[in-house]
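Student: Structure below; questions to follow.
The values are calculated or read from the model by the stated rules, or taken from the named source; none is laboratory data. Computed from a predicted model, the values in this text were never measured in an experiment. With ideal geometry, Cβ positions are generated from the backbone for all residues, glycine too; neighbour counts draw on all protein chains shown.
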Amino acid sequence: MPSDPLVIRLQDAVAEYERQSGVALSSSSLDSVSAILELVEHRKADFLAFREDGRRMRDKVKPVAKVVQSLCPILGEAFTMPFSPVKAIFAAIGVAVEASTRVKEDYDSIVDAFDTMEVHLRIITPMPIDHHAALREPSVKLLEQMLVILGLVMRLRRDGRLSQMYFFPFTTPVLMYLKERWLQHIRQSDEVASALADLGRLAMNHHEAVAAVTLSVAQQTLTILSDSIHWNAQNMVPIFLRRIALQTQEIYNEMRSYASTCQQQLVANRELLEEFRKRLVDVGEETRIKNRAHDIDKIFDWLAYPDSSGVMNALLGARVSGTGSWVLDSRSFASFMSGDKHAIWLHGSAGCGKSTMMSAAILELQAFCVISSSPSIILSHLFDATDSSRSGKLGELLASLLCQVAYHTTEGLSALLKLHERQMHGHSKPSPDVMQHELMSILARVAMRTRIFIAVDALDESYSSDLISLSLRRMLQVHGQISLMVSSRTEAPIHQSLHRSCDIEFHMHRNLVNKDIVTVLDKALAPCGALSHVAALEMQRVRKALCVGADGNFRWTALQIREIAKDAGVPVRLRMKLRRMPRTLRGIYEDLFKSMTDDEKEVIRPLLAWLMFSRGPLSKDVVAELLAFDHELSTPKFDRSLRPSSSQQVLSMLSSTLVSYSGDYIRIAHASVRDYLLDRLSSGCVDEQQANLLMARMCMSYLTEVGFAQRPVRLWTKFPLHFHAGRYWSSYADKALERYPEHRSEIVDFLAKIPYRDGRILCDSMMAERHLNVLMVLSETRVDIYNDLTRRASHVYIRGVQPNKNSFSEAETLKSKGITWTYTSKPKGQQVMWTCTVYVRGKRFCIESSDDMVTARGHAVAHALSALRKERRNNCIGQSG
């Protein structure tokens with residue numbers, strides 16, 4: 001006797017079949033698909049009595065027998081036994097075929113039975129995998145269930161009840177065919193109905209096991225390939241990546257084509273495909289040659305690359321796998337990837353999941369670029385109004401795209417290194433016009449041999465969406481190899497231009513989004529889900545309430561799931577929350593603020609002001625430091641004794657509905673939160689000008705208390721706010737003076753306290769960023785610091801003159817001839833007038849400019865050089881005479 005428990009289990013199933021049917025299988029010689037088909041052909045004359053030559057029987061039996069044969073080797077040596085329990089299934093199929101030749105009604109019913117089994121087993125396909133141990137149990141269970149069904153059919157026939165289940169055929173699609181022909185009439189045998197349902201479930205389990213094994217083997221293969229130096233050198237990895245990925249896609253597409261595949265199965269298949277593609281993209285990046293790392297870092301630092309990967313990873317992490325398939329699996333998206341269509345506009349209302357959908361689409365495009373037979377790259381950027389450190393302007397987008405094209409292509413890197421050299425070796429930032437011209441030029445060259453995808457999310461959250469939209473349309477017109485995908489709110493001001501420019505539109509209508517929300521709820525209510533503790537009797541109530549209330553809003557659904565989960569196991573509290581659920585996002589935020597006491601609002605508002613309008617990112621330690629201010633005085637005053645004992649206590653004060661955490665940093669949770677806080681009619685309104693005044697006062701108070709001197713990095717943890725306050729105080733003060741000029745005296749008092757040695761550092765940014773309101777105060781209050789800033793700024797290269805060897809040699813010539821220059825400046829209205837005085841051998845050249853000191857210096861030096869050359873010519877003429 002075999003010791004394998006799975007073989008024993010199958011032997012028991014054979015014994016049960018023989019008991020049910022009264023037929024012994026051991027005497028049968030049928031052991032393969034060909035043997036079954038030969039039997040059908042042999043009984044052809046018997047089938048003719050039913051006006052049928054056995055074609056229907058052959059068509060239905062053949063795929064079932066093929067599945068059995070594909071599963072047979074899973075038992076290994078058990079398959080070679082004198083009478084294998086697996087071979088017994090072929091014998092049982094043969095018994096059913098023999099029985100069908102005797103009575104026409106039995107023939108039709110048995111054909112229907114095989115038809116139903118074939119539909120359930122259609123999902124089982126032979127896999128090019130060695131017989132993995134993980135597939136043994138689901139395969140045996142599937143074979144066992146087939147024996148159960150065949151045994152029940154033969155028992156019904158023996159009892160004379162099989163013919164009662166016959167009915168005339170219909171010509172409807174497969175699912176309706178099953179519903180009308182078999183499942184509706186099978187109620188005369190609940191056992192058969194249950195057995196068929198179990199067969200479908202086991203077939204799906206087997207399919208998922210095969211898919212999981214395929215994914216595991218593929219991932220192991222990818223790891224082996226990426227670790228092989230020889231294969232990397234021979235460029236074999238990309239070839240095999242493409243083959244594996246294409247095979248995976250073909251399997252997924254085949255599963256989608258089956259009419260019997262339900263929505264849950266599609267979601268499960270999509271999850272497996274996406275998991276594989278994430279791994280595929282990771283390995284593709286790991287195998288990329290990184291011998292240009294130094295130059296890449298230089299370009300990224302120079303252009304201050306606005307990295308969107310953190311936002312994208314957070315969106316993908318929160319996304320429920322399988323959602324969004326109505327976009328990703330659509331023919332329109334496929335035509336976009338193939339190049340038949342060139343522009344997609346994804347739009348919808350706030351909170352409908354546009355950014356999440358865009359992130360999933362970007363991941364899909366990244367995988368496509370890895371497996372594509374022709375060179376393809378994707379450049380992506382996500383605008384984010386919740387990140388106050390990002391400008392949201394055209395320059396941010398251009399910098400992002402330039403950095404990415406430099407990373408992906410040698411042409412892009414070479415062009416930007418030349419631009420870096422022209423821009424004073426990186427000491428000067430290129431203007432948006434220069435960056436746009438350079439990007440268009442690079443795209444035109446790269447697109448000649450490379451497919452380029454450009455994906456831009458949340459265009460409505462940028463501060464110059466019309467200008468950015470125009471720039472994107474120009475990029476699209478550069479070359480036919482460039483494709484564009486953008487997203488925005490439907491009601492955005494630029495919707496008309498996007499509608500005209502894009503040949504594909506995906507409107508995230510609530511009916512479509514609600515289907516994805518159902519998938520989200522299925523995950524939440526499943527075991528180990530957020531709502532897994534909801535009682536079975538309450539699940540339908542919860543599902544209905546959330547589906548109806550969501551109205552196509554993912555953000556609303558996520559917040560409600562989080563809130564309901566707190567009382568999921570208490571039906572009374574659960575029903576109460578379901579009745580009182582706010583109907584909109586604004587209602588959720590309003591309820592949150594109304595539930596706060598006045599004291600809590602007094603503490604929370606300054607933190608929200610900082611998170612909304614600060615110039616730089618705020619870490620947890622910085623936010624904790626912001627609580628150490630006494631706001632009961634006329635101006636906020638920093639008090640070390642008010643410092644929280646830990647930053648974790650601060651996090652407990654801030655609701656996760658309003659803020660989110662990205663690593664060590666805190667930010668506004670969602671664009672809808674920002675919209676709510678900017679609304680003057682909301683309970684949590686935060687005014688931007690008042691916020692700038694508050695931040696300026698807090699920065700000045702902090703610097704006055706802890707010291708003005710620049711702190712070394714090792715002391716930043718001791719004074720978390722010092723770097724931010726020293727870097728951005730003048731920016732906040734400059735904006736505050738535009739609306740509150742009466743607070744000028746506070747800035748005068750602050751500047752008076754700054755030591756001269758520290759003033760150059762604290763005031764440097766106001767010169768670089770042209771904080772004119774504060775510069776005027778500085779010129780009147782601290783002339784020493786002001787003049788020092790102007791002298792130091794004179795070392796900036798002449799605007800418009802390339803820093804080549806000739807310009808440097810001319811400057812040295814000026815110095816060698818005793819030529820010197822000085823600067824003076826004075827405020828005039830909203831401008832600063834700069835005067836550059838150049839002395840050439842006693843001759844004085846004075847140039848005044850309303851632009852800036854660099855232009856003035858350029859004009860003055862040009863006059864000086866001209867005078868020097870003229871003097872040389874005159875001297876030469878005089879000597880020759």
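Student: Search segment 587-606 for residues being of a type outside the set (A, V, I, L, M, F, W, C) and crowded, with 16+ Cβ neighbours inside 10 Å, and hand back the single one that is nearest to residue 534 (Cα to Cα). Spell out how you get there, then give the answer.
Tutor: At the first step, the residues of segment 587-606 found to be of a type outside the set (A, V, I, L, M, F, W, C) are 587, 589-591, 594-595, 597-602, 605-606.
Cutting the leftovers down to crowded, with 16+ Cβ neighbours inside 10 Å gives us 589-590, 605-606.
Working: 589: 25, 590: 27, 605: 36, 606: 38 Å.
Within segment 587-606, the match that is nearest to residue 534 (Cα to Cα) is 589.
Student: Do you know which of the residues in segment 648-673 that are assigned to a loop (DSSP other than H, G, I, E, B) and in contact with a strand residue (DSSP E or B) (Cβ under 6 Å, 6 or more places away or on another chain) is nearest to residue 555 (Cα to Cα)?
Tutor: To start, the set of residues in segment 648-673 that are assigned to a loop (DSSP other than H, G, I, E, B) comprises 654-658, 663-664, 669-670.
Now drop any that are not in contact with a strand residue (DSSP E or B) (Cβ under 6 Å, 6 or more places away or on another chain), which leaves 664, 669.
On the way: 664: 23, 669: 10 Å.
Looking at the filtered set, the residue picked out is 669.
Student: Looking at segment 600-648 only, could you name the residues that are more than 23 Å from residue 673 (Cα to Cα), touching a residue at least 40 places away in the same chain (Cβ under 8 Å) and of a type in the set (A, V, I, L, M, F, W, C)?
Tutor: Passing the criteria: 629, 638.
Student: Given the condition surrounded by fewer than 17 Cβ atoms within 10 Å (Cβ to Cβ), at pLDDT below 90 and closer than 21 Å to residue 529 by Cα, answer yes or no: does some residue in segment 283-291 qualify? Quick ask: steps written out before the conclusion?
Tutor: From segment 283-291, those surrounded by fewer than 17 Cβ atoms within 10 Å (Cβ to Cβ) are 285-286, 288-291; that's our starting set.
Among the residues that remain, those that are also at pLDDT below 90 are: 285-286, 288-291.
If we keep only those that are closer than 21 Å to residue 529 by Cα as well, we get none.
Within segment 283-291 (the criterion being surrounded by fewer than 17 Cβ atoms within 10 Å (Cβ to Cβ), at pLDDT below 90 and closer than 21 Å to residue 529 by Cα), the answer is no, since none of the residues qualifies.
Student: When you check residue 384 against the structure, is it closer than 22 Å to residue 499 by Cβ and among the acidic types (Asp, Glu), yes or no?
Tutor: Taking the combined requirement at face value, the residue does not satisfy it.
Student: It is to be established whether one or more residues within segment 358-366 are buried (at least 22 other Cβ atoms within 10 Å of the Cβ), part of a loop (DSSP other than H, G, I, E, B) and in contact with a helix residue (DSSP H, G or I) (Cβ under 7 Å, 6 or more places away or on another chain).
Tutor: no
Student: Do we find that residue 736 is touching a helix residue (DSSP H, G or I) at 6+ places or on another chain (Cβ under 6 Å) and either in the same structural domain as residue 597 (by the TED database) or surrounded by fewer than 16 Cβ atoms within 10 Å (Cβ to Cβ) (or both) in this structure? Full working, then the answer.
Tutor: On the way: touching a helix residue (DSSP H, G or I) at 6+ places or on another chain (Cβ under 6 Å): yes; either in the same structural domain as residue 597 (by the TED database) or surrounded by fewer than 16 Cβ atoms within 10 Å (Cβ to Cβ) (or both): yes.
In short, yes.
Residue-wise test of (1) modelled with pLDDT of 70 or more; (2) outside any helix (DSSP H, G or I); (3) in contact with a helix residue (DSSP H, G or I) (Cβ under 6 Å, 6 or more places away or on another chain).
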{"site": "3", "(1), (2), (3)": "no, yes, no"}
{"site": "19", "(1), (2), (3)": "yes, no, no"}
{"site": "67", "(1), (2), (3)": "yes, no, yes"}
{"site": "74", "(1), (2), (3)": "no, no, yes"}
{"site": "79", "(1), (2), (3)": "no, no, yes"}
{"site": "101", "(1), (2), (3)": "no, yes, yes"}
{"site": "110", "(1), (2), (3)": "yes, no, yes"}
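Student: Can you name the residue in segment 772-799 that is touching a Gly at 6+ places or on another chain (Cβ under 6 Å) and crowded, with 17+ Cβ neighbours inside 10 Å and, of all such residues, is modelled with the lowest pLDDT? Step through it out loud before you land on a result.
Tutor: Going residue by residue through segment 772-799, those that are touching a Gly at 6+ places or on another chain (Cβ under 6 Å) are 785, 798-799.
Filter once more, keeping what is crowded, with 17+ Cβ neighbours inside 10 Å: 785, 798.
Values: 785: 83, 798: 33.
Per the stated criteria, the residue is 798.
Student: Related question: Do the conditions hold for residue 641, that is, is it of a type outside the set (D, E, K, R), surrounded by fewer than 16 Cβ atoms within 10 Å (Cβ to Cβ) and part of a helix (DSSP H, G or I)? Before you say what the answer is, go through the steps one by one.
Tutor: Working: of a type outside the set (D, E, K, R): yes; surrounded by fewer than 16 Cβ atoms within 10 Å (Cβ to Cβ): yes; part of a helix (DSSP H, G or I): yes.
So residue 641 passes the test.
Student: If a residue has to be modelled with pLDDT of 70 or more and surrounded by 14 or more Cβ atoms within 10 Å (Cβ to Cβ) to count, how many in segment 29-42 make the cut?
Tutor: Here the count works out to 8.
Student: With the condition kept exactly as written, say whether any residue in segment 571-584 is among the basic types (Lys, Arg) and within 24 Å of residue 735 (Cβ to Cβ). Reasoning before the result, please.
Tutor: As a first pass, look at segment 571-584 and keep what is among the basic types (Lys, Arg): 573, 575, 577, 579-580, 583.
Next cut, within 24 Å of residue 735 (Cβ to Cβ) only: none.
The answer is no, given that none of the residues of segment 571-584 is among the basic types (Lys, Arg) and within 24 Å of residue 735 (Cβ to Cβ).
Student: For segment 747-756, which residues satisfy the criterion of being surrounded by 10 or more Cβ atoms within 10 Å (Cβ to Cβ) and either at positive phi or in contact with a helix residue (DSSP H, G or I) (Cβ under 7 Å, 6 or more places away or on another chain) (or both)?
Tutor: In the first step, residues of segment 747-756 are kept if they are surrounded by 10 or more Cβ atoms within 10 Å (Cβ to Cβ); the result is 747-751, 753-756.
Within segment 747-756, 747, 748, 750, 751, 753, 754, 756 qualify.
Student: Taking the options 297, 340, name whichever one is surrounded by fewer than 20 Cβ atoms within 10 Å (Cβ to Cβ) and at pLDDT 90 or above. Step through it out loud before you land on a result.
Tutor: Numbers: 297 fails: at pLDDT 90 or above.
Checking each option against the conditions leaves just 340.
Student: Now, a different point. Please work out which residue is surrounded by the fewest Cβ atoms within 10 Å (Cβ to Cβ), limiting yourself to segment 547-569 and to residues that are of a type outside the set (D, E, K, R) and over 25 Å from the mean Cα position of the chain (by Cα). Walk me through it before giving the result.
Tutor: Initial filter on segment 547-569 (of a type outside the set (D, E, K, R)): 547-550, 552-554, 556-561, 564-565, 568-569.
Imposing the further condition that a residue be over 25 Å from the mean Cα position of the chain (by Cα) reduces the set to 548-549, 564-565, 568-569.
Working: 548: 10, 549: 16, 564: 21, 565: 17, 568: 22, 569: 14.
The selected residue is 548.
Student: While we're on this one: Output the residues belonging to segment 493-534 that are among the small types (Gly, Ala, Ser) and not in a loop (DSSP other than H, G, I, E, B).
Tutor: Just the residues of segment 493-534 that are among the small types (Gly, Ala, Ser), to begin with: 497, 501, 524, 526, 529-530, 532.
Hits for segment 493-534 are 497, 501, 524.
Student: Something else: Might you check whether a residue that is farther than 30 Å from residue 350 by Cβ and either of a type in the set (Val, Ile, Thr) or touching a residue at least 60 places away in the same chain (Cβ under 8 Å) (or both) occurs anywhere in segment 691-699? Please lay out each step first, then the result.
Tutor: From segment 691-699, those farther than 30 Å from residue 350 by Cβ are 696-699; that's our starting set.
Cutting the leftovers down to either of a type in the set (Val, Ile, Thr) or touching a residue at least 60 places away in the same chain (Cβ under 8 Å) (or both) gives us 697-698.
Among the residues of segment 691-699, at least one is farther than 30 Å from residue 350 by Cβ and either of a type in the set (Val, Ile, Thr) or touching a residue at least 60 places away in the same chain (Cβ under 8 Å) (or both), which makes the answer yes.
Student: Now, a different point. Quick one: what pairs do we get from segment 758-786, first residue under 16 Å from residue 746 (Cα atoms), second charged (D, E, K, R) and crowded, with 19+ Cβ neighbours inside 10 Å, C-beta under 6 Å, 6+ apart or different chains?
Tutor: Pairs that qualify, where the first residue is under 16 Å from residue 746 (Cα atoms) and the partner is charged (D, E, K, R) and crowded, with 19+ Cβ neighbours inside 10 Å, are 773/734; 774/734.
Student: For residues that are in contact with a helix residue (DSSP H, G or I) (Cβ under 6 Å, 6 or more places away or on another chain) and outside any helix (DSSP H, G or I), scanning just segment 674-711, find the one that is modelled with the highest pLDDT.
Tutor: 686
Residues checked against (1) outside the structural domain of residue 695 (by the TED database); (2) among the β-branched types (Val, Ile, Thr):
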{"position": "535", "(1), (2)": "yes, no"}
{"position": "547", "(1), (2)": "yes, no"}
{"position": "561", "(1), (2)": "yes, yes"}
{"position": "579", "(1), (2)": "yes, no"}
{"position": "614", "(1), (2)": "no, no"}
{"position": "617", "(1), (2)": "no, no"}
{"position": "620", "(1), (2)": "no, no"}
{"position": "633", "(1), (2)": "no, no"}
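Student: Still on this structure, please answer the following. So in segment 570-608, with the set limited to residues that are over 22 Å from residue 671 (Cβ atoms) and polar (S, T, N, Q), which one is nearest to the chain's Cα centre (by Cα)?
Tutor: 595
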